[in-house]
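Trainee: This structure is in structure tokens; I'll ask about it shortly.
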Amino acid sequence: MKEEKVSVSSKFWLCSADCLCGALSGLITGGGMTYFYTKYLGLDEGLASIVWMIFAVWNALNDPLFGYISDRTKSKLGRRIPYIRYGALLYGVIFILSWFLWPLGGSQTALFVQMLVSLFFFDTFYTAIATSLYVLPYTMAESNQARSGIFVWKIFFTLLSLAAPLVLFPLVRPDVGESASRFQTIMIMLGVVTTLVIFLSTFFYKEKYTSDAEEAPGLWESICQCFKNRAFLVYEVISFTVIFVQTILMQGVVYYFDEFTVPMPLAYASLGVGAVCGIILWIKSMGKIGVAKCIIEMSVAFAAGATLVIFAGQYVIPAMIAFFIIGLGFSGGMYLVPLMNGEVIDYDEAKTGFRREGMYAGVNSLITKPAISFANAAFVMIIGWFGYDNAVKAGAQDAMAKFGVKVAWMALPALLFIISAIAMKAYPLVGAEWKKLKEELSRKHEVER
């Protein structure tokens, strides 16, 4: 199969747009909007909770709906780029407006309506842009080697988008009684820069191949076909696990460092070194043994590191070893899982004749987004079973509660990754038959181009 090369400029602009798009979303949905509307504008916490519950329904449904619409889009720019290019302006505008009090007034009802409407429109444009950016690597290149180069870039930019809201918002947020002008000015600048970068990025990449949108199956049939794809079902086990684990890791890290004397810099350094080594390891291994075997090894590694934290995470040296191993697994989740997703989409096209990246991304979100809620609920529930006392100062929990923190933090991730490793045994896209199918698909795309 002929190997493609994706230009550096295409990788840079795609990942830059993806990074800034994710950063704005992190500021809105990562606690920033809730803080601003409740702490600063004075919206009742109960009403804010209702906003998020209403939003949760739309948040789950709009992904497969947009995936279906974008798969059927037909334009000279392709199926995804129109949404990225022309959605960028609307995305930036609603982001900026979300941080200003609207003419509706400052009553509880007005604030409730403003937060709900802001969140609704923001997520709608986010879904259109982010989903399109997410699936573009699968139409910019078709071999794992070419896609691999894109995802290595995406790992670095994704880390920036995850870190920015955590660092930026606490530094610039307005406190009660303070003027919000400096904060709002920064949000305006960020919104404008993001709009420009996303818009300009669309001139540096394009879809190489697609399928006839007019002949694509209907919405319900498309959803059903996703679940008929055995490779997709296995992928969902892995994808759900990764989202669940990412969520619970972020939630439990504060509790862990509150109760144990493991130095945070050493722990994070071990995690970072493990992640870097992991990226190098998985890039080399993927070409030799394939994506499926790499994911099995990644899953076992993460489960081993998580288990070590449970039984010896209170000691510095074992904790550093555990975090290093977890870093290996974490980098695998960021690098290998998207490659697996690409294989699933390629397999679907080989069997049905249609490119439906958007539909698969949407159905994936429908399944995996509940993992975020499950992770949050599970952690709090488990530490409660072990007698964790919220009224006690940091470091003063009894021995059972301390052990419960480690169990709540790492037991379910370990279990889920073991299940994932077992599930990969049923993954069909391996061996000579799959290689032959990929070669046939590549020849088909060459003819279409």
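The values are calculated or read from the model by the stated rules, or taken from the named source; none is laboratory data. Source: prediction; values computed, not measured. FYI the Cβ positions are ideal-geometry reconstructions off the backbone, even for glycines, and counts take in every protein chain you see. Just the protein is used for accessible areas: all its heavy atoms, side chains included, with ligands, DNA and RNA removed. Shrake-Rupley method; radii C 1.70, N 1.55, O 1.52, S 1.80 Å.
Trainee: List, please: which pairs have Cβ atoms under 7 Å, are six or more places apart or on different chains, and start with a residue in the range 104-131 that is closer than 15 Å to Thr195 by Cα and end with one that is not in a helix (DSSP H, G or I)?
Mentor: From residues that are closer than 15 Å to Thr195 by Cα, the pairs are Phe122/Ser98.
Trainee: Hey, another quick one. Could you pull out every one of the helices (runs of 4 or more DSSP H) wholly within the range 5-105 that has 2 or more residues that are small (Gly, Ala, Ser), farther than 30 Å from Glu178 by Cβ and at pLDDT 85 or above?
Mentor: Fully inside the range 5-105 and qualifying: 8-29, 81-97.
Trainee: Can I ask one more? What is the residue count in the range 79-117 for residues that are buried (at least 22 other Cβ atoms within 10 Å of the Cβ) and among the small types (Gly, Ala, Ser)?
Mentor: So the answer is 4.
Trainee: One residue is enough: does the range 46-69 have a residue meeting the conditions over 25 Å from Thr247 (Cβ atoms), open to solvent by 20 Å² or more (accessible area, probe 1.4 Å), touching a residue at least 60 places away in the same chain (Cβ under 8 Å) and more than 23 Å from the chain's Cα centre (by Cα)?
Mentor: no
Trainee: Considering Gly395, Gly404, which residue is open to solvent by less than 50 Å² (accessible area, probe 1.4 Å), farther than 22 Å from Val242 by Cβ and part of a helix (DSSP H, G or I)?
Mentor: Sole residue among the options that is open to solvent by less than 50 Å² (accessible area, probe 1.4 Å), farther than 22 Å from Val242 by Cβ and part of a helix (DSSP H, G or I): Gly404.
Yes or no, residue by residue, for (1) of a type in the set (Phe, Trp, Tyr); (2) crowded, with 17+ Cβ neighbours inside 10 Å; (3) over 19 Å from Leu159 (Cα atoms); (4) without any contact (Cβ under 8 Å) to a residue 12 or more places away in the chain:
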{"site": "Ile248", "(1), (2), (3), (4)": "no, yes, no, no"}
{"site": "Pro265", "(1), (2), (3), (4)": "no, no, no, yes"}
{"site": "Lys284", "(1), (2), (3), (4)": "no, no, yes, yes"}
{"site": "Ile289", "(1), (2), (3), (4)": "no, no, yes, yes"}
{"site": "Ile296", "(1), (2), (3), (4)": "no, yes, yes, no"}
{"site": "Gly332", "(1), (2), (3), (4)": "no, yes, no, no"}
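Let's see how each residue does on (1) open to solvent by less than 50 Å² (accessible area, probe 1.4 Å); (2) within 22 Å of the chain's Cα centre (by Cα); (3) modelled with pLDDT under 90; (4) over 30 Å from Tyr83 (Cα atoms):
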| residue | (1), (2), (3), (4) |
| --- | --- |
| Gly177 | no, no, yes, yes |
| Leu196 | no, no, no, no |
| Thr202 | yes, yes, no, no |
| Asp212 | no, no, yes, no |
| Phe260 | yes, no, no, yes |
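Trainee: While we're on this one: Here is a list of conditions, (1) at negative phi; (2) over 18 Å from the mean Cα position of the chain (by Cα); (3) surrounded by fewer than 24 Cβ atoms within 10 Å (Cβ to Cβ), and Gly353 meets all of them except one; can you say which number that is?
Mentor: Gly353 satisfies all of (1) at negative phi; (2) over 18 Å from the mean Cα position of the chain (by Cα); (3) surrounded by fewer than 24 Cβ atoms within 10 Å (Cβ to Cβ) except (1).
Trainee: Oh, and also: Among the candidates Gly191, Gly252, Gly272, which residue alone is within 22 Å of the chain's Cα centre (by Cα), touching a residue at least 24 places away in the same chain (Cβ under 8 Å), surrounded by fewer than 18 Cβ atoms within 10 Å (Cβ to Cβ) and within 30 Å of Ile28 (Cβ to Cβ)?
Mentor: Exactly one of Gly191, Gly252, Gly272 is within 22 Å of the chain's Cα centre (by Cα), touching a residue at least 24 places away in the same chain (Cβ under 8 Å), surrounded by fewer than 18 Cβ atoms within 10 Å (Cβ to Cβ) and within 30 Å of Ile28 (Cβ to Cβ), namely Gly272.
Trainee: Please count how many residues of the range 357-392 are hydrophobic (A, V, I, L, M, F, W, C) and assigned to a loop (DSSP other than H, G, I, E, B).
Mentor: 3
Trainee: In the range 373-384, how many are touching a helix residue (DSSP H, G or I) at 6+ places or on another chain (Cβ under 7 Å) and either surrounded by 17 or more Cβ atoms within 10 Å (Cβ to Cβ) or modelled with pLDDT of 85 or more (or both)?
Mentor: Residues in the range 373-384 being touching a helix residue (DSSP H, G or I) at 6+ places or on another chain (Cβ under 7 Å) and either surrounded by 17 or more Cβ atoms within 10 Å (Cβ to Cβ) or modelled with pLDDT of 85 or more (or both): 5 in total.
Trainee: Just need a number here: residues in the range 415-435 that are within 25 Å of the chain's Cα centre (by Cα) and among the basic types (Lys, Arg).
Mentor: 1
Trainee: Out of Val363, Val344, Val316, I need the residue that is β-branched (Val, Ile, Thr), open to solvent by less than 40 Å² (accessible area, probe 1.4 Å) and at pLDDT 90 or above. Which one?
Mentor: Val344
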